[in-house]
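Colleague: Could you have a look at this structure, given as C-alpha cells, before my questions?
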Amino acid sequence: MKITIAGAGAMGCRFGAALAASGHDVRLLDGWEAHVAAINDYGLRVTDERGTRAVRVPAALFRAARFPATADDVPPADLVIVFAKATATAAVAAAAAGAIRPAMRVLTLQNGLGNIEALLPYVPRERLLAGTTTLGTELVGPGHIRALGSGETVLGGLASQSAISAQRIVADFSSAGLLSRASADVMAVIWAKVAFNCVMNSLCTIASIPVSALARYPGFDDLAGTILAEVATVAAAEGVRVDTGAALALMKAQFDPAASGNHLASTLQDLLNGRPTEIAHLNGAIASRAVAHGLAAPANALITQLVGLLEATHDRRVTSLR
Ligand code: NAD
C-alpha cells in the first residue's frame, strides 16, 4: 500500500517505520527541517528493547504555513495518516487540501477532540477513518525515536461503507507488528481516550509528576470523578456514552510502574519542552463544547486555564529555594 504520513513526530515515525519495514511504500511529511534531513541522510533510527536500527523511509519537508500543496507535493497514496498534534490538524488539512485525491483514505489516530471536524471539510465522511492508539513513543532527537512497550490501535470508519477499508488497514497494521482492531463505534473509542487524557494528562501536568505518583493522592477518585462527570455529560449531549467507572478503573491500573506508572504524560512533556500542549483539544474542548450545548464544565474550564498559565510561564518556573 502507498502510505503518506502527514506529521512525522514520534508517532508518525513509529507507524512509518513499522509499515515501511513490512514492505509498504511509505512517505513521511514533516515541518521540522533537521528531522527530515536526518531521516533522509541516516535512515529513521528506532530504539526499542532489541536495540537501535535504521529504517529507510523517504521524508519531505511540509510546513503547513508555506503550502497550499499541489498533487506534486503530496504524491498519490492509498492512505494518508494524519499524525500532527491536534493543534496543527486544521492547518495541515487546509494546506494539503489541494493534494487530496478521490481514491485516498485519510486516517486520524491523534488524541483529543476536533481532529475529525478539522478534516471533514476536505475529506468526504465515507473516506475518513479515525481512532486511537495507546502505543507510547518518544522523539529522542532529529531522525530518532524510542518505541515504548506495547499498545493497541483501534480504528473505524465514520460511515458504514468504510468498514471494509477499516478491516484492510487493521490487517496491514497488524502484519506490520502494530496490534490493531476495528471498531464499529469509533466515536465511543475516541471519547473514552479523551476522558482518560482529560484526567491523567492534566493532573500529571499540573502536579508535574509521573503517572504513578497520582496513586499517593487520597483525593484522586473525587477529583477524577468530577472531571469525568463533566466529560460524560458533554459526550452524552453529542450522543456518545462514556463509562466513567470503566475510565476510572483504567486510570488506576496505570499507576503500576509495570503499566504506565513511570510514563510522563504528553501534555507534561510538551510543557517541559516549551511546546504548545493539546489542552484546547482535551479539557478545553470539553469546556467549550459544554457552553455550546448550554451545559457547564467548570472543572475542565479551570484546568484549561491552569495549564494555559503553566504554558505561558514555563520558562519562569521556580524549581528550588533561592
Ligand atoms: P510529537 O511532539 O513527537 O511531534 C509533533 C510535531 O512536532 C512533529 O511535526 C515534530 O516534527 C515536531 N517536533 C517535535 N519536536 C520538535 C523540535 N524539537 N523542534 C521542532 N519540531 C519538533 O507528536 P506525537 O507524540 O507524535 O503526537 C502526534 C499525535 O499522536 C498527538 O495527537 C498525540 O497526542 C498522539 N499520541 C501520541 C502518543 C505518543 O506516545 N507520542 C501516543 C498516542 C497518541
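Colleague: Please work out which residue is nearest to residue 196 (Cα to Cα), limiting yourself to region 99-127 and to residues that are within 16 Å of the ligand (Cβ to nearest atom) and assigned to a strand (DSSP E or B).
Modeller: Restricting to residues being within 16 Å of the ligand (Cβ to nearest atom) and assigned to a strand (DSSP E or B), the top hit is 108.
Colleague: All but one of (1) at pLDDT 95 or above; (2) within 24 Å of residue 264 (Cα to Cα); (3) within 21 Å of the chain's Cα centre (by Cα) hold for residue 245; state the number of the condition that does not hold.
Modeller: (3)
Colleague: Pull up region 58-83, narrow it to residues that are touching a strand residue (DSSP E or B) at 6+ places or on another chain (Cβ under 8 Å) and within 14 Å of the ligand (Cβ to nearest atom), then point me to the one that is nearest to residue 164 (Cα to Cα). Spell out how you get there, then give the answer.
Modeller: Taking region 58-83 and keeping what is touching a strand residue (DSSP E or B) at 6+ places or on another chain (Cβ under 8 Å), we get 58-62, 73-83.
Those still in the list that are within 14 Å of the ligand (Cβ to nearest atom) too: 59-62, 81-83.
Values: 59: 29, 60: 30, 61: 32, 62: 30, 81: 17, 82: 20, 83: 22 Å.
Selected residue: 81.
Colleague: Return yes when residue 197 is crowded, with 21+ Cβ neighbours inside 10 Å and assigned to a helix (DSSP H, G or I) and no when it is not. First the steps, then the outcome.
Modeller: Details: crowded, with 21+ Cβ neighbours inside 10 Å: yes; assigned to a helix (DSSP H, G or I): yes.
Criteria met by residue 197.
Colleague: Please work out which residue is surrounded by the fewest Cβ atoms within 10 Å (Cβ to Cβ), limiting yourself to region 200-212 and to residues that are part of a helix (DSSP H, G or I) and at pLDDT below 95.
Modeller: Going through the qualifying residues, I end up with 212.
Rundown of residues vs (1) within 18 Å of the chain's Cα centre (by Cα); (2) buried (at least 21 other Cβ atoms within 10 Å of the Cβ), yes/no style:
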{"position": "94", "(1), (2)": "no, no"}
{"position": "108", "(1), (2)": "yes, yes"}
{"position": "112", "(1), (2)": "yes, yes"}
{"position": "117", "(1), (2)": "yes, no"}
{"position": "130", "(1), (2)": "yes, yes"}
{"position": "139", "(1), (2)": "yes, no"}
{"position": "142", "(1), (2)": "no, no"}
{"position": "162", "(1), (2)": "no, yes"}
{"position": "173", "(1), (2)": "yes, yes"}
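Colleague: In addition: Of the conditions (1) at pLDDT 95 or above; (2) surrounded by 18 or more Cβ atoms within 10 Å (Cβ to Cβ); (3) more than 13 Å from the ligand (Cβ to nearest atom), residue 158 fails just one. Which one is it?
Modeller: (1)
Colleague: Here is a check on your reading of the model: is residue 176 under 24 Å from residue 48 (Cβ atoms), modelled with pLDDT of 95 or more and either in the same structural domain as residue 298 (by TED's automatic domain parsing) or in contact with a helix residue (DSSP H, G or I) (Cβ under 7 Å, 6 or more places away or on another chain) (or both)? Walk me through how you get there before you give the answer.
Modeller: Values: under 24 Å from residue 48 (Cβ atoms): yes; modelled with pLDDT of 95 or more: yes; either in the same structural domain as residue 298 (by TED's automatic domain parsing) or in contact with a helix residue (DSSP H, G or I) (Cβ under 7 Å, 6 or more places away or on another chain) (or both): yes.
Spelling it out, residue 176 is indeed under 24 Å from residue 48 (Cβ atoms), modelled with pLDDT of 95 or more and either in the same structural domain as residue 298 (by TED's automatic domain parsing) or in contact with a helix residue (DSSP H, G or I) (Cβ under 7 Å, 6 or more places away or on another chain) (or both).
Colleague: Would you be able to tell me the number of residues in region 213-224 that are surrounded by fewer than 18 Cβ atoms within 10 Å (Cβ to Cβ) and in a helix (DSSP H, G or I)?
Modeller: Number of matching residues: 7.
Colleague: Could you tell me whether residue 151 is within 20 Å of the chain's Cα centre (by Cα) and either within 10 Å of the ligand (Cβ to nearest atom) or of a type in the set (Val, Ile, Thr) (or both)?
Modeller: yes
Colleague: Sticking with this structure for a sec: Residues of region 47-89 being buried (at least 20 other Cβ atoms within 10 Å of the Cβ), under 19 Å from residue 140 (Cα atoms) and not small (Gly, Ala, Ser), which ones?
Modeller: 57, 83, 85 - these are the residues of region 47-89 that are buried (at least 20 other Cβ atoms within 10 Å of the Cβ), under 19 Å from residue 140 (Cα atoms) and not small (Gly, Ala, Ser).
Colleague: Among the residues of region 276-287, is any within 16 Å of the ligand (Cβ to nearest atom), farther than 21 Å from residue 212 by Cβ and surrounded by fewer than 18 Cβ atoms within 10 Å (Cβ to Cβ)?
Modeller: yes
Colleague: Criterion first (away from the ligand (no atom under 16 Å from the Cβ) and either assigned to a helix (DSSP H, G or I) or surrounded by 15 or more Cβ atoms within 10 Å (Cβ to Cβ) (or both)) does residue 245 satisfy it?
Modeller: Against the criterion (away from the ligand (no atom under 16 Å from the Cβ) and either assigned to a helix (DSSP H, G or I) or surrounded by 15 or more Cβ atoms within 10 Å (Cβ to Cβ) (or both)), residue 245 qualifies.
Colleague: For the structure I just gave you, tell me whether residue 19 is surrounded by 24 or more Cβ atoms within 10 Å (Cβ to Cβ) and within 14 Å of the ligand (Cβ to nearest atom). Quick ask: steps written out before the conclusion?
Modeller: Numbers: surrounded by 24 or more Cβ atoms within 10 Å (Cβ to Cβ): yes; within 14 Å of the ligand (Cβ to nearest atom): no.
Against the criterion (surrounded by 24 or more Cβ atoms within 10 Å (Cβ to Cβ) and within 14 Å of the ligand (Cβ to nearest atom)), residue 19 does not qualify.
The values are calculated or read from the model by the stated rules, or taken from the named source; none is laboratory data. The structure presented is a predicted model; accordingly, all values stated were derived computationally and were not measured. Note that each Cβ is placed from the backbone with ideal geometry, even for glycine, and that neighbours are counted across all protein chains shown.
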